[in-house]
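The structure appears right after this line, and notes come after that.
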Amino acid sequence: MRRRSFRLSAVSAALALILAAGAVFAAQSPSYTDVSEDDWYHADVVKVTEAGLLEGDSGMFSPDTALSRAMAAMILYRRGHQEGDPEFDNAPYIDTPAGAWYFRAVGWVTQAGIAEGYGDGTFRPDAPVTREQFAVLLYNYTRTLRGIEGENKGEALGFDDSQEIRPYASDAMDWAVSAGILRGAGTRLYPSRPVTRAEAAAMLSRWIGLSDR
């Protein structure tokens, strides 16, 4: 009886450990009230959330909300900032107050040469990021911090609206399309359309491996 009781206790203990591990895993897996498993971007949202690049607020991810310049700066800051990197003690732009949640991120992406502000001294943190602008940010990060030039195969030229890509973004857009980071909708890329948080999650999910090299 003692041996049987010991075995039952051991099984119970093992089961408790398994359940506890499952509880920890469940706690680490993101769950948003506005993202379902049927959504095309579900796996991407999970991946970038677990990677610490994008997070929700009050249990919501807000997938259809446009990504702002401040959000984009924070994403790249979280991805590339290393301990010991220089931090800005003063606001680099007149519209980035020191107490703002994005203050350090904006300073870091500027110092790293990934992003820059406007001629009037502003960064415009609340302005939406377009699809071509987000491609430029990822391209700048990958080249500047990882030293990866990538390949420009002219694949962006195969879309009906490729002529709408602005000259400053042409290399970045071609790189993003060639690398499979940016995908079109049918025959169009919509370069000037604001990128949504869901679209950003998808692009980041495809880009994460490349930025690790």
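Okay, here's what the table says:
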item: Rounded to whole Hz, the Karplus (6.51, -1.76, 1.60) HN-Hα couplings of the stretch 107-119, x for glycine and proline; result: x, 5, 5, 6, 5, 7, x, 8, 9, 9, x, 9, x
item: Amide H partners (placed H, <5 Å) of LEU182, local residues excluded; result: VAL177
item: Ascending count of other beta-carbon atoms within 10 Å, so fewest first, for PHE103, PHE88, PHE123; result: PHE88, PHE103, PHE123
item: Over the stretch 80-123 - Rg/Rh using Cα atoms and the Kirkwood inverse-distance radius; result: 0.94
item: Two-site label geometry, ALA91 and SER178: point separation in nm, points 7 Å out along Cα→Cβ; result: 4.0
item: Cut-off under 5 Å, modelled amide H: who pairs with THR130 long-range; result: VAL195
item: Neighbourhood charge, 9 Å Cβ-Cβ cut-off, centred on ASP126 and excluding it, Lys, Arg +1 and Asp, Glu -1; result: +1
item: Per-residue HN-Hα couplings for the stretch 53-69 [Karplus 6.51, -1.76, 1.60; θ = phi - 60°; Hz; x = Gly/Pro]; result: 8, 10, 9, x, 9, 6, x, 10, 9, 6, x, 8, 6, 5, 6, 8, 5
item: Relative contact order computed over the stretch 61-213 (Cα-Cα under 8 Å; 6+ residues apart), in percent; result: 28
item: Cubic angstrom per residue, convex hull over Cα atoms of the stretch 35-211; result: 119
item: Whole-Å distance, taken between Cα centres, linking the stretch 50-87 and the stretch 163-191; result: 22
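Coordinate-derived values only; no laboratory data. Only a predicted model underlies this, so the values are computations on that prediction, with no experimental measurement involved. Quick reminder, even Gly has a Cβ in these numbers, built from the backbone with ideal geometry, and neighbours come from all protein chains shown.
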